[in-house]
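Report on one structure; see the data block that follows.
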Amino acid sequence: MDVTNETWEQSLAFKHRLAYLSKALWKSVEKDWQRWLQPHGLNINEHQILWISYQIGSPVLSEIAKFGVMHVSTAYNFSKKLEERDLIVMGKQEEDRRHTYVRLTEKGKALFLLTLEEFNVNNHETIQSTMPLKNLYGKYPEFSEIATVVRHMYGDDFTNQFDTLDLQSKESGHLDDEVATTISPR
């Protein structure tokens, strides 16, 4: 077997394994996440929008799409649904109307924080399945190799967001306090 064919086979085997492991893991993560959010009337995309808005302050839709790993149209459509429920406000700055910003309302912030308060480790199969490793090594798996692969695909700013979990709200990321309270309708 020549090196090219061997490399091709290794690459194909890696891609196949990566696809199936990712798919299996995501199926379990998605099931856990949906079960967690269902009592709050949220889906995963809506929860991500609330979370990203909470952490960044006033992200633009393209940031929500990037950090939420969704298409911009998906970020927009789910943001519209959240806006209809008075959980976020969408708008533009007067000086630059190219970008649509998203800001949590007090109702949205309260709902997001409630979801965090009601997070129960025991109700998540994905977390429970890591407990033997956590008990053995004293920490959850770190996924350093996978994080490196993702970093090469999405960039440092995407992967750096996971280095720490900041539960402190950013009141106004891109919008100053005055503008954040007066963003104009689209």
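The values are calculated or read from the model by the stated rules, or taken from the named source; none is laboratory data. The shown structure was predicted, so the numbers you read here are calculated from the model rather than taken from an experiment. We place every Cβ from the backbone using ideal geometry, glycine too, and count neighbours over all the protein chains shown.
Would you pick out the residues in segment 38-50 that are of a type outside the set (D, E, K, R), within 14 Å of Leu82 (Cα to Cα) and in a helix (DSSP H, G or I)?
Listed by number, the residues that qualify are His40, Ile44, Asn45, His47, Gln48, Ile49, Leu50.
Residues in segment 66-83 that are of a type in the set (Gly, Ala, Ser) and surrounded by fewer than 19 Cβ atoms within 10 Å (Cβ to Cβ): how many?
Within segment 66-83, residues that are of a type in the set (Gly, Ala, Ser) and surrounded by fewer than 19 Cβ atoms within 10 Å (Cβ to Cβ) number 1.
Within segment 84-129, can you find the residues that are within 22 Å of Val72 (Cβ to Cβ), more than 17 Å from the chain's Cα centre (by Cα) and among the charged types (D, E, K, R)?
Glu84, Arg85, Lys92, Glu95, Asp96, Arg97, Arg98
Which residue pairs have Cβ atoms closer than 6 Å, lie 6 or more positions apart in sequence or on different chains, and pair a first residue in segment 120-138 that is under 12 Å from Val29 (Cα atoms) with a second residue that is among the charged types (D, E, K, R) and assigned to a helix (DSSP H, G or I)?
That search, which allows pairs on different chains as well, returns His124/Asp32; Glu125/Asp32; Thr126/Asp32.
Limited to segment 151-162, what total is found for residues that are among the acidic types (Asp, Glu) and either farther than 14 Å from Val69 by Cβ or touching a helix residue (DSSP H, G or I) at 6+ places or on another chain (Cβ under 8 Å) (or both)?
Matching residues across segment 151-162 total 1.
Counting only residues that are polar (S, T, N, Q) and modelled with pLDDT of 95 or more, how many does segment 101-127 have?
Summing the residues that are polar (S, T, N, Q) and modelled with pLDDT of 95 or more in segment 101-127 gives 2.
What number of residues within segment 55-104 are β-branched (Val, Ile, Thr) and touching a strand residue (DSSP E or B) at 6+ places or on another chain (Cβ under 6 Å)?
The total comes to 5.
For segment 10-65, enumerate the residues that are surrounded by 12 or more Cβ atoms within 10 Å (Cβ to Cβ), without any contact (Cβ under 8 Å) to a residue 60 or more places away in the chain, more than 22 Å from Phe119 (Cβ to Cβ) and over 12 Å from the mean Cα position of the chain (by Cα).
Correct list: Leu18, Leu61, Ser62.
How many residues are among the hydrophobic types (A, V, I, L, M, F, W, C) and either assigned to a helix (DSSP H, G or I) or at pLDDT 90 or above (or both) if we restrict to segment 151-166?
Result for segment 151-166: 2.
Just wondering, is there one or more residues in segment 55-78 that are of a type in the set (Asp, Glu) and in contact with a helix residue (DSSP H, G or I) (Cβ under 6 Å, 6 or more places away or on another chain)?
No.
Residues in segment 53-104 that are under 15 Å from Asn43 (Cα atoms), small (Gly, Ala, Ser) and assigned to a loop (DSSP other than H, G, I, E, B): how many?
1
Can you name the residue in segment 130-150 that is at pLDDT 90 or above and surrounded by 12 or more Cβ atoms within 10 Å (Cβ to Cβ) and is also nearest to Val69 (Cα to Cα) among such residues?
Only one residue tops the list, namely Thr130.
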